[in-house]
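Asker: Please see the structure below; I have some questions.
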Amino acid sequence: MALTMLNGLLIEDSSPSTVLHEVGKNPQLDAFNYQSCFMQDLFAHFPEVLFIHRTYNPRGKVLYTFLVDGPRVQLEGPLARAVYFAIPTNEDARGLAQMLQVFKKFNPAWERVCTILVDPHFLLLPTLTMEFPAAEVLLSAFHICKFLQGKFYQLSLEQPVQSVLLSSLQSTMCSATAGNLRKLYTLLSNCIPSSRLPELHSHWLLNDRIWLAHRWRSRAQSNRYFQSLEVTAHILSQFFGTTPFEKQGMASVFRYMQQNPSDKASFSLAVTPENTHTPPDASLENPSTEQLVEARIQHSLNAICTGPAAQLCLGELAVVQKSMHLIGSGSEKVNIQILEDTHNVQPQSPASCSCYFNQAFHLPCRHILAMLSARHQVLQPDMLQAQWASGCATSLDSILGSKWSAALDKHLAVTLLTEEVGQLLQHCSKEEFERRYSTLRELADSWIGPYEQVQL
């Protein structure tokens, strides 16, 4: 059994050995490489496609997470496909080469890597190509999607245009055919100001080699794939990206993996004996009003949301608890600032916020939770969108844990199309609305009966 100390926590691995390379005695790590024997075996079984995700912390240190990818990999869970964690000494050619050479030393299957998927900001491609000369390096569909989403928010587009672009992007990523990619390319060309269009690198949508690595997935498989990677990226950002101390960040990641058996981690974490005793805290004996409110918010999240939704929101609440926040009220909106960019909260149910977390997940974010905490309120069922409600058939845990079905595939396709059509109808002119409504009316009559029986 291998035991290794990290940030006051004991990493225990029941397998014969654990690869752990660490330099540095302070809370910051100069370099770090970790791979359990389970992760090593997983990579040996599925080495063909390697997905690389990078997470930066406030000090600028970057965590590289390697995940296996491709048609043969059927593992579920946000970090179930993780096979390697590494923090290079420096993110330059030399630091990356050293990190990759450590990975290759302990993984003879590296020679069977055929494709490496990276993000658009990965600049050290020559080093990657040099260390994996037989592999093709491609942009990943997930990272392109995240890149375009970020650009849509940065461009400060009108809300109807932004909604249509985000809906079309989501639909295209779940069915990345050449025709759908071309339609999205044309939509971007028509909706984005020509002076800003080069920032989006829309030509990536027409690079068929990128999408061949993703197109084999069905719509339902694509939806699960993107959901899983979205949660993975959020977990890594939450645990590693919010602390300047790399040891603490990695210990939090390992603790999460140990506490979530669906991620199939092969190691567990145990607090060392000298750290098992926690000195009494007066604030625990006499909880303040704020602590009672936060406890009630936690209870309401667990009671109302699905398990994965509650977990994501509790991570946002943890940020609120550890930070200062300023709250200013307007007539219809509440401005929340948590030592970051200011965001607008719409408190009316279902509550919404302009931040990325709420826009991407449609879940109560740290800004909404800060508003509830300041008002001594808790989450109410009508503040949550239906798909995240506890017991909902289409909740994230049912999607991630379910197998593909034709009915779910059709439901997702129809839902995305309905949302897109609805957005277009709401914001077009009266004449255009009458023309499009007439077309839909004729289609409905031909499919499901005349107007007297069926109302649109």
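Asker: Kindly indicate whether L408 is open to solvent by less than 60 Å² (accessible area, probe 1.4 Å), under 23 Å from the mean Cα position of the chain (by Cα) and either at pLDDT below 65 or not β-branched (V, I, T) (or both). If you could, list the steps in order and put the result at the bottom.
Answerer: Working: open to solvent by less than 60 Å² (accessible area, probe 1.4 Å): yes; under 23 Å from the mean Cα position of the chain (by Cα): yes; either at pLDDT below 65 or not β-branched (V, I, T) (or both): yes.
Yes; evaluated as a whole, the condition is true for this residue.
Asker: Here's a follow-up. Which members of region 105-123 meet the condition of being part of a loop (DSSP other than H, G, I, E, B) and farther than 23 Å from L212 by Cα?
Answerer: The first filter runs over region 105-123 and keeps only residues part of a loop (DSSP other than H, G, I, E, B), leaving 107, 113-114, 119-123.
Selection gives N107 alone.
Asker: Among the residues of region 421-435 satisfying the criterion of being in a helix (DSSP H, G or I) and open to solvent by less than 80 Å² (accessible area, probe 1.4 Å), which is nearest to S171 (Cα to Cα)?
Answerer: Going through region 421-435, the residues in a helix (DSSP H, G or I) turn out to be 421-426, 430-435.
Then keep just the ones that are open to solvent by less than 80 Å² (accessible area, probe 1.4 Å); that gives 421-425, 432-433.
Details: V421: 12, G422: 14, Q423: 14, L424: 15, L425: 18, E432: 24, F433: 23 Å.
Filtering first and then ranking leaves V421.
Asker: Does R94 satisfy being in contact (Cβ under 8 Å) with a residue 40 or more places away in the chain, outside any strand (DSSP E or B) and surrounded by fewer than 17 Cβ atoms within 10 Å (Cβ to Cβ)? Lay out the reasoning, then the answer.
Answerer: Details: in contact (Cβ under 8 Å) with a residue 40 or more places away in the chain: no; outside any strand (DSSP E or B): yes; surrounded by fewer than 17 Cβ atoms within 10 Å (Cβ to Cβ): yes.
So R94 fails the test.
Asker: I need the full set of residues from region 108-136 which are over 19 Å from T55 (Cα atoms) and open to solvent by 30 Å² or more (accessible area, probe 1.4 Å), in order please.
Answerer: P108, W110, E111, R112, C114, P126, T129, M130, P133, A134, E136
Asker: Would it be correct to say that S228 is within 17 Å of the chain's Cα centre (by Cα), part of a helix (DSSP H, G or I), small (G, A, S) and surrounded by 19 or more Cβ atoms within 10 Å (Cβ to Cβ)?
Answerer: Values: within 17 Å of the chain's Cα centre (by Cα): yes; part of a helix (DSSP H, G or I): yes; small (G, A, S): yes; surrounded by 19 or more Cβ atoms within 10 Å (Cβ to Cβ): yes.
Yes; evaluated as a whole, the condition is true for this residue.
Yes/no per residue for (1) outside the structural domain of L67 (by the TED database); (2) of a type in the set (A, V, I, L, M, F, W, C); (3) touching a residue at least 24 places away in the same chain (Cβ under 8 Å):
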{"residue": "S171", "(1), (2), (3)": "no, no, yes"}
{"residue": "C174", "(1), (2), (3)": "no, yes, yes"}
{"residue": "C191", "(1), (2), (3)": "no, yes, yes"}
{"residue": "S194", "(1), (2), (3)": "no, no, no"}
{"residue": "L205", "(1), (2), (3)": "no, yes, yes"}
{"residue": "A220", "(1), (2), (3)": "no, yes, yes"}
{"residue": "N223", "(1), (2), (3)": "no, no, yes"}
{"residue": "L236", "(1), (2), (3)": "no, yes, yes"}
{"residue": "M257", "(1), (2), (3)": "no, yes, yes"}
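Asker: Select, from E136, E199, E158, the only residue that is in contact with a Ser or Thr (Cβ under 7 Å, 6 or more places away or on another chain) and either outside the structural domain of F361 (by the TED database) or farther than 25 Å from A233 by Cβ (or both).
Answerer: Working: E199 fails: in contact with a Ser or Thr (Cβ under 7 Å, 6 or more places away or on another chain); E158 fails: in contact with a Ser or Thr (Cβ under 7 Å, 6 or more places away or on another chain).
After applying the criteria, what remains is E136.
Asker: Filter region 197-225 for residues that are in a helix (DSSP H, G or I) and of a type in the set (D, E, K, R); which is least open to solvent (accessible area, probe 1.4 Å)? Steps first, please.
Answerer: Applying the first criterion (in a helix (DSSP H, G or I)) to region 197-225 yields 197-200, 202-206, 208-212, 219-225.
Those left that are additionally of a type in the set (D, E, K, R): 199, 208-209, 219, 224.
Working: E199: 64, D208: 65, R209: 94, R219: 46, R224: 26 Å².
The extreme case among them is R224.
Asker: If you go through region 184-196, how many residues are exposed (fewer than 15 other Cβ atoms within 10 Å of the Cβ) and of a type outside the set (V, I, T)?
Answerer: We begin by selecting, within region 184-196, every residue exposed (fewer than 15 other Cβ atoms within 10 Å of the Cβ); these are 186, 189-190, 193-196.
Imposing the further condition that a residue be of a type outside the set (V, I, T) reduces the set to 189-190, 193-196.
So the answer is 6.
Asker: Of the numbered conditions (1) modelled with pLDDT of 90 or more; (2) out of contact with any helix residue (DSSP H, G or I) (no Cβ under 9 Å at 6 or more places or on another chain); (3) open to solvent by 60 Å² or more (accessible area, probe 1.4 Å), E158 satisfies every one except a single condition; which is it?
Answerer: All conditions pass for E158, except number (1).
The values are calculated or read from the model by the stated rules, or taken from the named source; none is laboratory data. For clarity, every value in this text was computed on a predicted model and none was experimentally measured. Reconstructed Cβ throughout: ideal geometry from the backbone, glycine too, with neighbour counts over all protein chains shown. Heavy atoms of the whole protein, side chains included, go into the accessibility calculation; ligands, DNA and RNA do not. Shrake-Rupley method; radii C 1.70, N 1.55, O 1.52, S 1.80 Å.
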